[in-house]
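Take a look at the structure set out below.
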Amino acid sequence: MLMLTCPACGVTAEETEFAPGGEAHLTRQGPGSGEAAFEGYLFARKNPKGVHFERWRHAYGCGKWFHAARCTATLEVFGTYPMGSAPPPDLIARLQARRPDREGRA
Amino acid sequence: MSDPVSTALAGARHVGYVTIEEAGPVGMITLRCRADVAPALAALNLPVPGQRRIVGAGARRVAWMSPDEWLILLPPADVARATAALTAALAGQPHLCADVSDARAVLHLHGPRVREVLAKACPVDLGRMTPGEMRRSRAGQIAAAFWLEDDRTATVLCYRSVARYAFDLFAMLARPGSEVGLFD
């Protein structure tokens, strides 16, 4: 069971109150992009065993989307942050402390 | 205009170890706007609630529903005038101001173990919840919002189409003999 804190309304609730939205920080490939780039945008996902940056929606609460960083293996949640922003520095610091071997940002 | 419509459950009432009762007609206005709504609400003598709060008294309340959404509770007779006043006050701003009175159902829960009955249905830490906090969550399988008036009384809002489910759910959870003693 995940406990997530919605940055929009400040509620900390369990995961049945939220709806998962898949991998975060994808770059949309619109008209004009190549076929390979568009295919990658639609289908290629990291699907890591470990730290994952995700989108979630507070579906039964305030209805807002937000980002979360969690570990797909241990279900540890490292933090949440609002839509439209990169992971905040304190979250990255916490991640580095908990997962020193982690590669890359997301 | 049509006549006032009866409420979803026609004032149903169930007495368990907590009493569940459908409220009479409640006027409700959904207000969505990214701009500051304080002046528009002030024109109606309504305060602006802080994050996740419900403010006001009696039949006139304003609840914070999300960063750009408020729910205004009023006597049904005042809804048309208030909707018009809000729409006028927010003219020029992108906003939504809609009468949702007939789209929602309102249940009153009353009894010393009201927190426990809510906790059975909702994934919420009722032990930490204080009167005046508006909490949107789920009750069983449906979306619901509720607040505590005091330690013995709560009000639950849900969509009208699932009012019967909500009523039956709380009635079942308040069955005498099923007391847990969570917050005693």
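Details
- Packing rank of B:37-48, B:70-81, where each peptide gets the mean count of other beta carbons within 10 Å, highest leading: B:70-81, B:37-48
- Relative compactness, chain A, computed as alpha-carbon Rg over 2.2 N^0.38 Å: 1.12
- The residues of segment B:27-99 expose on average 45 square angstrom of accessible surface per residue, using a 1.4 Å probe on protein heavy atoms.
- Selected from B:Leu173, B:His14, B:Gly111, residue furthest toward positive end of dipole (the protein assembly as shown; charges at beta carbon): B:Leu173
- Mean Cα-pair separation over length for chain B, i.e. relative contact order, pairs under 8 Å, 6 or more apart, %: 25
- Computed from backbone phi with θ = phi - 60° and the Karplus coefficients 6.51, -1.76 and 1.60, the 3J(HN,Hα) list for segment B:26-40 is 10, x, 9, 10, 8, 10, 10, 6, 8, 7, 5, 9, 4, x, 5 Hz; x is used for glycine and proline.
- Cα centroid of segment B:141-162 to Cα centroid of segment A:54-106, whole Å: 31
- Dipole magnitude of the protein assembly as shown about its Cα centre (Cβ charges: Lys, Arg +1; Asp, Glu -1), debye to nearest 20: 420
- Inter-chain shielding of B:133-140 (mean C-beta neighbours from other protein chains, 10 Å cut-off): 4
- Since only B:Leu148, A:Ala73, B:Gly58 are under comparison, the one whose Cα sits farthest along the positive direction of the charge dipole of the protein assembly as shown, derived from C-beta charges on Lys, Arg, Asp and Glu, is A:Ala73.
- For chain A, the longest principal axis of the alpha carbon atoms and the long axis of helix A:89-98 meet at an angle near 80°.
- Among the helices of chain B, none built from whole DSSP H runs has Cα atoms reaching 30 Å or more along its own axis together with a mean Kyte-Doolittle hydropathy of at least -0.5.
- Segment A:2-16 and segment B:78-119 have Cα centres lying 24 Å from one another.
- Largest accessible area first, the residues B:Cys97, A:Cys6 order themselves as B:Cys97, A:Cys6 under a 1.4 Å probe with ligands, DNA and RNA left out.
- Among the residues of B:63-69, the average count of other protein chain beta-carbon atoms within 10 Å of the residue beta-carbon is 4.
- Kirkwood-based shape ratio for segment B:27-99, expressed as Rg/Rh from alpha carbons: 0.91
- Net +/- balance of residues flanking B:Leu169 in space, Cβ distance below 13 Å, scoring K and R +1, D and E -1: +3
- Average beta-carbon neighbours from other chains, 10 Å sphere, peptide A:53-61: 3
- Chain A, dipole about Cα centre (Lys/Arg Cβ +1, Asp/Glu Cβ -1), debye to the nearest 20: 160
- The peptide list A:42-53, B:166-177, put in order of mean Cβ contacts within 10 Å with the highest first, becomes B:166-177, A:42-53.
- Accessible area in the full protein assembly, largest first, 1.4 Å probe, for A:Arg98, B:Arg60: A:Arg98, B:Arg60
- Added length on full extension, which subtracts the Cα-Cα distance from 0.36 nm per residue, A:Asp90 to A:Thr27: 20.3 nm
The values are calculated or read from the model by the stated rules, or taken from the named source; none is laboratory data. What you see is a predicted model, and the numbers here were worked out from it, not measured in a lab. Every residue, glycine among them, receives a Cβ derived from its backbone with ideal geometry; neighbour counts consider all protein chains shown. To get the accessible areas, we keep the full protein, side chains included, count just its heavy atoms, and leave off ligands, DNA and RNA. Shrake-Rupley method; radii C 1.70, N 1.55, O 1.52, S 1.80 Å.
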